[in-house]
Amino acid sequence: MKSTRIQLLLLLTACLPSMALRAQKGYEIKVTFKPYTHGFIYLAHYFGKSIYVKDSLPLTNGQVVFKGSEPLEGGIYMVVNPGKSQMVEMLIDSGSAHQHFSMAADSADLVKGTRFTGSPENEQFIAYQTYAAAQYARIRPLQQSLASARIHADSTGLIDQIQAINKATADYRANLTRQHPNGFLSDLFALMQEPTIPPPPKLANGRPDSLFAYRYYKTHYWDGISFSDDRLLFTPMFEPKVNDYFARLVSPEPDSVKAEVDNMILYSRASNIMFRYFVTKFTNDYANPKYMGQDAVFLDIFEKYYQTGQVDWLTEAQKKPIYDRAYSIMANQLGEPAADMVLLDSGDRKTSLYGVQGRFTVVCFWDPDCGHCQKEVPELDSIYNARWKQLGVKIYAVLIDTVKTDVQKIVPEKAHWLAYIRDHHLTDWVNVYQTPAMKQDDIDAKRAGFRQLYDVYQTPTIYLLDEQKKIIGKKLTWEQVDEIIQRKLQLNHSNPVSR
């Protein structure tokens, strides 16, 4: 397979906003970590799914003091031992008022042996971790017994015990949140919380509303969470929660995804770093999406935020692959007319894509030397002869290269292409190619060639067009093409027509 892939990097340093205008008191965190008396202690933090080292200092008299003239970004930080084998998490709230305290840890027991002085919220955090660890110790043997239980009564009793422990833990978090509604720990509990779904209301026919649970869960998924709270980015919980929301609760249809993406970006604007994070994350997620057609989400982001100059934290060099990707998909969006191509057929006659009349048109970009093509092109021809030809399907097959550069010689690809067509009996296809001179004409005229118009960065690349040459599928396998054709025919209640 011939393939090049754009790597869109989330630049952490570019995402961090200037803190020049913040209070100058900074931070000071004194750390002892038993039994270590020498070596380096590390201060690190989460950002999305990754961990970044903020600072490292050698132990002096068994202690280090992390300090700076500017306050730290709020989030979950960690102190790491010299061997980098143990770490103690701690909460850092925004502002210098919360960033002057001491921490003492003992590697023999990182939960019970950790103490904070001058940080009430971290004292609450350690108390919660101690409680949660005890609850886990109670629930683990119950889960193991449940996995091996054979009698229904045993399973029911175990499930009741597990649910009671889980409820007690949830009640602990809820009680702490009521006592400290504005605390950072309460915001973290909101990230961990899942909506409790009430009984569904009844419809006019007296039956329960079967969609109520989904709607309620989705509506309340983000309760207590602000998209402008940049502390959440410096935790390991926020990004997985965002990913879970899109995976389970958002329809993969592009318009549905666009609406959710727009909403998150809109509500993140009060925080510069959150705004940058969401724009960058969704750029990465949808530039090469998992589901066909979702590149329209990337294009929407590009038009709203990149082309309007709102992405001002990247250099021109960093923007270039993003702009190149956008220009590669602008002309091949689902539901839009495909770009016409006027290329030469095997007899060197000009042949237009729009001149090919068919109920459906399969456009295949391929190369006879491509390993994937050598497997998939014969399969494509087999299904074409077995089923598609009788349905009025046409295949417009485009040779990618007409000249190959070998270390020893220049190999004319056209002759090899013609031999492959002949040997594999692809004569019912509309086989076309572009000469090097035609390609150069496109370049000289600054005219987009078919590689850009159809986003061809690998072979084979297969599109499916309807009778009006509108794109109804792209980057497909022949099996997916067949599935879409059959589904379209069923939806239209059409009968197969003979050629």
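The values are calculated or read from the model by the stated rules, or taken from the named source; none is laboratory data. Remember, predicted model here, so these are calculated numbers, not experimental data. Using ideal geometry, Cβ is built from the backbone for each residue, glycine included, and neighbour counts are taken over all protein chains shown. For the accessible areas, the whole protein counts, side chains as well, though only heavy atoms, and no ligand, DNA or RNA atoms are used. Shrake-Rupley method; radii C 1.70, N 1.55, O 1.52, S 1.80 Å.
Annotations
- Criterion violated by Ala97 - all others in (1) loosely packed, with under 15 Cβ neighbours inside 10 Å; (2) under 29 Å from Asn243 (Cβ atoms) satisfied: (2)
- Pick from segment 416-456, criterion over 28 Å from Lys488 (Cα atoms) and hydroxyl-bearing (Ser, Thr, Tyr), ranking: nearest to the chain's Cα centre (by Cα): Tyr433
- Complete set of residues in segment 331-357 that are of a type in the set (A, V, I, L, M, F, W, C), under 20 Å from Val456 (Cα atoms) and crowded, with 16+ Cβ neighbours inside 10 Å: Ala331, Ala338, Ala339, Met341, Leu343, Leu344, Leu353
- Pairs where the first residue, in segment 333-346, is farther than 17 Å from Val362 by Cβ and the second is of a type in the set (Lys, Arg), C-beta under 6 Å, 6+ apart: Val342/Lys350
- Hits in segment 96-118 - residues which are among the aliphatic types (A, V, I, L, M) and part of a strand (DSSP E or B): Met103, Ala104, Ala105
- The one condition in (1) touching a Cys at 6+ places or on another chain (Cβ under 6 Å); (2) of a type outside the set (Gly, Ala, Ser); (3) free of Cβ contacts under 8 Å to residues at least 40 places away in the same chain that Arg349 fails to fulfil: (1)
- Among residues of segment 245-273 that are under 19 Å from Gly335 (Cβ atoms), those with a Cβ under 6 angstrom from a residue that is in a helix (DSSP H, G or I) and among the charged types (D, E, K, R), sequence gap 6+ or separate chain, pair up as Lys258/Asp300.
- In segment 303-317, the residues that are surrounded by 14 or more Cβ atoms within 10 Å (Cβ to Cβ) form Cβ pairs under 7 Å with partners that are part of a loop (DSSP other than H, G, I, E, B) and not aromatic (Phe, Trp, Tyr), at six or more places apart or across chains, as follows: Tyr305/Val311.
- Criterion violated by Leu158 - all others in (1) surrounded by fewer than 16 Cβ atoms within 10 Å (Cβ to Cβ); (2) modelled with pLDDT under 95 satisfied: (1)
- Of the residues in segment 423-436, at least one is in a helix (DSSP H, G or I) and either surrounded by fewer than 21 Cβ atoms within 10 Å (Cβ to Cβ) or of a type in the set (Lys, Arg) (or both).
- Residue count for segment 263-273, restricted to those that are among the polar types (S, T, N, Q) and open to solvent by less than 20 Å² (accessible area, probe 1.4 Å): 2
- Condition met for Pro198 (under 30 Å from Met90 (Cβ atoms) and either assigned to a loop (DSSP other than H, G, I, E, B) or modelled with pLDDT under 90 (or both)): no
- Selected residue (criterion: least open to solvent (accessible area, probe 1.4 Å)) from residues of segment 274-294 that are within 30 Å of Gln480 (Cβ to Cβ) and free of Cβ contacts under 8 Å to residues at least 40 places away in the same chain: Phe282
- Only one of the listed residues (Glu239, Glu260) is open to solvent by less than 50 Å² (accessible area, probe 1.4 Å), within 16 Å of the chain's Cα centre (by Cα) and over 26 Å from Lys475 (Cα atoms). That residue is Glu239.
- Sole residue being touching a strand residue (DSSP E or B) at 6+ places or on another chain (Cβ under 6 Å) and on the phi < 0 side of the Ramachandran plot, chosen from Pro240, Pro200: Pro200
- Residues that are more than 25 Å from Val297 (Cβ to Cβ), in contact with a helix residue (DSSP H, G or I) (Cβ under 7 Å, 6 or more places away or on another chain) and not in a loop (DSSP other than H, G, I, E, B), drawn from segment 207-247: Arg231
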